[in-house]
Every structure is written in C-alpha cells, then in structure tokens.
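Colleague: Structure provided below as structure tokens; questions to follow.
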Amino acid sequence: MTENDDVIWELRDLRKTFGPVVANDNVSLILRRGQIHGLVGENGCGKSTLIRTLSGAHQADSGIILHNGAAVALRGTPDARALGIATVFQEFSLVPGMTMAENIFLGRWPGRLFAVDWRAMREEARRVMAELELDISPDAVLGELPVAQQQLVEIAKAMAAGASVIMLDEPTTALGVTEIEHLHALLRRARSNGAAVLYISHRLDEVVDLCDVITVMRNGRVVSAAGETPRDVPAIIALMIGKEVDEQYPKLHATRGEPLLEVCGLSTGRGLSNVSFTLHRGEVLGLGGTLGSGRSAIGRALFGVETVVEGEIRVRGAATRIRHPSEAIAAGIALLTENRNADGLFFNFTGSENITVASLNDFDHGLWLDLKLERRVSNELIGRLQVNRMAESEMIDRLSGGNQQKILIARWLNTKADIFILDEPTKGIDVGTKVAIYRLINELTASGKGVILISSDDKELLAISDRVAIVRRGRILRIAEPKDVTKADLLTGPEETQRAA
C-alpha cells in the first residue's frame, strides 16, 4: 500500500467567502486512514468554515474535494454522511426536547417502514454510553442534562455513526479532565481501527499530546502544513498569531481588600449543600472540581437561577436575598454563563445590542430609548475589548466565538457590577483572546472588583486564581492557595486522594 492509498479525503485550494470576508483562501488539507490530524488557529482563521465545507454544510466557491482519489460534490450534509463523515460542531446539533437515545440516532432511528424499534435504539444507546464510560440514561431528556453531558451526547452521536472520518470542533470545551481522557482514548481506538480524525482545539497541550500531525491556519490560509508543524506549544502559538507570546497566563496579584461577597451555609434543592466562602475585593476565587461537582451550580444559585432553600448571602456586608437574576444584577453581581449560545447571547440582536441588553435602564427615557447613547456606550466597549468592529452593526452569529465571549464580558462591564462570576470564560477561544481575557480579569481585580472563576482547565484555574475552592458533590471541601492544590485534588477531591494514598 502506498502513502496515497491511505488518503481518504483531500481538499485542494478551497476558497470560501462570505460577502467581502475571505474565510478560506486556497486551503489544502489531507486526511489519512489511521491518523489523528490536528487543526489549530485563532478564532476567525477559517477552521470551522473548512470543516463545515467538508461536512456539506457550506459549498466552496472554488477548489476540489476528493474522496478516495475521485472528485466529489458535497451539496449538503446527507452527501457527506453517506460518504462516511461524522461531525461534532462547536454549536450543538441536538434537540433539547428529545431523549438521549433519540438524539444519538437522530435521522437514522432503527426500525422498519414507519415503525421505530424503540427497544433496540435504547439498547444501542446504552452500549455507546458504556463505551464512553458515561452513566446517562437513554431516556434522559437532553435539555435537562448539564451542558457538559450534552457535549458528551453530541460526541456519542458521531461515534455511533460508525464513520470513517470523524471531525470534532472544540469537543472538550465543556468537559472535565476525566471525560477528556475518555474521549482521547476513544479517538485513539478509532485511529487504530483505521478511521481518520480531524481534531480542532484551542487547548494546544491536548493537540500536541493527541495528534499525529498538525496544520496551522492564520487569516484563512494554511501557514504550516501537516508534517511541517513543530510539536511545541510556544512554536505553534507563534505560527497561529504571527508573533511570540511572552506569557500564556499573565497574572496580577492585586491587593486584597474587605469582603465583597460572603456566602454561609448555602443549599439548594438541586444538589448544593452547606456551601460557605468569602470573596474579597481584588481577589480571584477559583472553583475547581470534576464534571457535575457543583461548580456551575454555585454560580447559578448566586445569580438567582437556582432556588436557594437555606443559607445567607451578604453583599458588601449587607444580607441580600436573591431570587431572580434581576435581583442579582441590582446587587452588582454578573454571571458569564457556561453556555453562551443557550444562556447568554441573543442571536436576533447585533453585537452592540447584546452588550446593552442588561443595562437598558441607563438608556430609558420613558417612552423611548436613547439609541445614540446606547450605540456610543457599546462602541466604546467594543473598542476597549478589541472586538471586531463588525459587532457594531452585524448580528452576533456573524462573529467568532472569541468575539462573542468578549461581547458578553462587555455586557456585564456595562452593568457596573462588583462581583463577576465567570463560568468557563475562555471556552472555545484562541490563545490570543485568552490572554486578553486574563488581562481583563487583572484589570477587574486591580480596580477592586471580585472574580469567581469556574474552569475545567486546571492550568488556567491554578495560574489565574488567588485561592481555589475544591468542589465535590455540591460541597466545598476546602479552600487553599493554588500552590497547595494538585491536579489529583481537582480530579477526585482531597478526601478520595487521601483514601487512595
């Protein structure tokens, strides 16, 4: 067998534009059997457009797509699926009102004629979940699952298709370390069975560890092809952004002030039990733990999304009752949600309108809004956070994930909040934008704000936090300085670590 016999798909000089924007500029890429191919680059560099073209969701303006050496036309996603392509997009392609089993086999439910074999579908869903080492009932309604479990169902859906090519766009952004290890083991198994994997991730350590070859894109073009890219994170970053990054995790240790938020004995009806901690002015308090540990639930309870049944919340020394997000906003609390698409962004609004939606009272003149002032305020924040200027007038779905995340941060800056709860703030964004967000966190703490950082990226959590609270089964087990927290603590919690020792 020659080297060319291993080639399943080849993209030659693909070009794709959206109006004046060139998303892909003569991009060439080869996917081989039994190979995991990493594709990296900054937000907006054209990675997602490329896989959408190969999945049939977009059609290239020019260029050639070859399958097993023969040119093919992919006029839609059914064409790609029929040729063995399964895709896990960054935005979920799931139906919240359906069960887990129904979502996994969506579009190919087992049965004959018009009769669905529900029993066979549930059994096959159990098998797929067992292979992923996940304990999710086939009858669980998808919309009621945590975001991280929905992400795993999305991945299981692709795996269950038995495809010869699996493309994944930021598949681990909502996953904990254990789930990421499971996923990588599964992808290695798919590779050993002869499948080709195209893996897109901003977690470059993952890419270097998992992938056999790496392609780097910048500004719609390939700047380092597979086989040429060094397996070195700083070198890859330099290729991605066109310059070296001095520090991946810039951290300013601000002076810690008086208590800003005091939580005592907080419990909810959905898993939190006796949660207590204090957040000071000028401090970043990290919440770490495994998937489903209760990290995000703490943030939702403080923001009035989940009902508090017991305990006390004190903001700036005063007892504060928070039963609704509007009361949290009035108290000076902001929540950057884990899932910006489902819980954060208004896709029928422009980027500017998304910024001001939580502070409309500032522009309210009774029967009308001061649209001129609204535009000026939002445009100032767009400039301050270096958001793409398209955000001033374009709908939010036209912006990259990094720009969307900055828009949400700008929204809460505009509310003049003192307490910022940031749940996975760097989810699905590139290294350059991550550094910008870390520096923004430094600005917040330097100005006397308090930040609660919830992150499944253990390096990020330990580098940016001043103290780390380890969350396990809805409780805070202990709070310590980052130097006293190990990766094992974040994975299992100290109680389990001690028992294992």
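The values are calculated or read from the model by the stated rules, or taken from the named source; none is laboratory data. On a predicted model such as this, the values are computed, not experimentally measured, just so you know. Here the Cβ is made from the backbone with ideal geometry for all residues, glycine too, and neighbour counts use every protein chain on show.
Colleague: Gly448 versus (1) touching a Leu at 6+ places or on another chain (Cβ under 9 Å); (2) outside the structural domain of Ser465 (by TED's automatic domain parsing): which is the lone unmet condition?
Modeller: (2)
Colleague: Then there is this: Of the conditions (1) modelled with pLDDT of 85 or more; (2) over 24 Å from Asn339 (Cβ atoms); (3) of a type outside the set (A, V, I, L, M), Cys45 satisfies every one except a single condition; which number is it?
Modeller: Checking Cys45 against (1) modelled with pLDDT of 85 or more; (2) over 24 Å from Asn339 (Cβ atoms); (3) of a type outside the set (A, V, I, L, M), the one that fails is (2).
Colleague: Within the group Val431, Val451, which residue is among the aliphatic types (A, V, I, L, M), surrounded by 16 or more Cβ atoms within 10 Å (Cβ to Cβ), at negative phi and over 17 Å from the mean Cα position of the chain (by Cα)?
Modeller: On the way: Val431 fails: over 17 Å from the mean Cα position of the chain (by Cα).
Just a single option satisfies the conditions, and that option is Val451.
Colleague: Can you find a residue that is modelled with pLDDT under 85 and either on the phi < 0 side of the Ramachandran plot or crowded, with 17+ Cβ neighbours inside 10 Å (or both) anywhere in region 466-488?
Modeller: Yes, region 466-488 contains a residue that is modelled with pLDDT under 85 and either on the phi < 0 side of the Ramachandran plot or crowded, with 17+ Cβ neighbours inside 10 Å (or both).
Colleague: Still on this structure, please answer the following. Consider region 33-51. How many of its residues are crowded, with 22+ Cβ neighbours inside 10 Å, touching a helix residue (DSSP H, G or I) at 6+ places or on another chain (Cβ under 7 Å) and under 25 Å from Ser192 (Cα atoms)?
Modeller: Looking only at that region, the number is 4.
Colleague: With a cut-off of at least 3 residues that are closer than 19 Å to Ile329 by Cα and of a type in the set (A, V, I, L, M, F, W, C), name the helices (runs of 4 or more DSSP H) lying wholly within region 401-466.
Modeller: Here the list reads 401-413.
Colleague: Ok, one more. What pairs come up if the first residue lies in region 181-193 and is under 14 Å from Val207 (Cα atoms) and assigned to a helix (DSSP H, G or I), the second is modelled with pLDDT of 85 or more and of a type in the set (A, V, I, L, M, F, W, C), and their beta carbons are under 7 Å apart, counting only those six or more places apart or on different chains?
Modeller: His184/Leu210; Leu187/Ile36; Leu187/Val197; Leu187/Leu210
Colleague: If you scan region 391-403, which residues turn out to be hydrophobic (A, V, I, L, M, F, W, C) and surrounded by fewer than 18 Cβ atoms within 10 Å (Cβ to Cβ)?
Modeller: Met395
Colleague: Regarding region 58-67, can at least one residue be identified that is within 13 Å of Ile166 (Cα to Cα) and in contact (Cβ under 8 Å) with a residue 12 or more places away in the chain?
Modeller: So far as region 58-67 goes, no, none of its residues is within 13 Å of Ile166 (Cα to Cα) and in contact (Cβ under 8 Å) with a residue 12 or more places away in the chain.
Colleague: Quick one: would you say Leu74 is in a strand (DSSP E or B) and at pLDDT 90 or above?
Modeller: So Leu74 does not fit the description; no.
Colleague: Say whether the condition of being out of contact with any Cys (no Cβ under 6 Å at 6 or more places or on another chain), polar (S, T, N, Q) and either free of Cβ contacts under 8 Å to residues at least 12 places away in the same chain or buried (at least 19 other Cβ atoms within 10 Å of the Cβ) (or both) is met by at least one residue in region 291-307.
Modeller: There is at least one residue in region 291-307 that is out of contact with any Cys (no Cβ under 6 Å at 6 or more places or on another chain), polar (S, T, N, Q) and either free of Cβ contacts under 8 Å to residues at least 12 places away in the same chain or buried (at least 19 other Cβ atoms within 10 Å of the Cβ) (or both).
Colleague: Next up: Of all residues in region 106-117, which are among the hydrophobic types (A, V, I, L, M, F, W, C) and free of Cβ contacts under 8 Å to residues at least 12 places away in the same chain? Break it down into steps so the answer makes sense when it comes.
Modeller: At the first step, the residues of region 106-117 found to be among the hydrophobic types (A, V, I, L, M, F, W, C) are 106, 109, 113-116.
If the condition is that a residue be among the hydrophobic types (A, V, I, L, M, F, W, C) and free of Cβ contacts under 8 Å to residues at least 12 places away in the same chain, then Leu113, Phe114, Ala115, Val116 are the ones that fit.
Colleague: Does at least one position in region 212-228 carry a residue that is in a helix (DSSP H, G or I) and either over 12 Å from His37 (Cα atoms) or in contact with a Phe, Trp or Tyr (Cβ under 9 Å, 6 or more places away or on another chain) (or both)? Let's see the steps before the verdict.
Modeller: Within region 212-228, the first condition is being in a helix (DSSP H, G or I), and the residues that meet it are none.
No: region 212-228 contains no residue that is in a helix (DSSP H, G or I) and either over 12 Å from His37 (Cα atoms) or in contact with a Phe, Trp or Tyr (Cβ under 9 Å, 6 or more places away or on another chain) (or both).
Colleague: Now for a different question. Return the residues of region 257-289 that are surrounded by 15 or more Cβ atoms within 10 Å (Cβ to Cβ), in a loop (DSSP other than H, G, I, E, B) and not small (Gly, Ala, Ser); say none if nothing qualifies.
Modeller: Residues satisfying the conditions are Leu272, Arg281, Glu283.
Colleague: Return the residues of region 362-382 that are out of contact with any helix residue (DSSP H, G or I) (no Cβ under 8 Å at 6 or more places or on another chain) and either surrounded by 16 or more Cβ atoms within 10 Å (Cβ to Cβ) or modelled with pLDDT of 85 or more (or both); say none if nothing qualifies.
Modeller: Within region 362-382, Lys372, Arg376, Glu380 meet the criteria.
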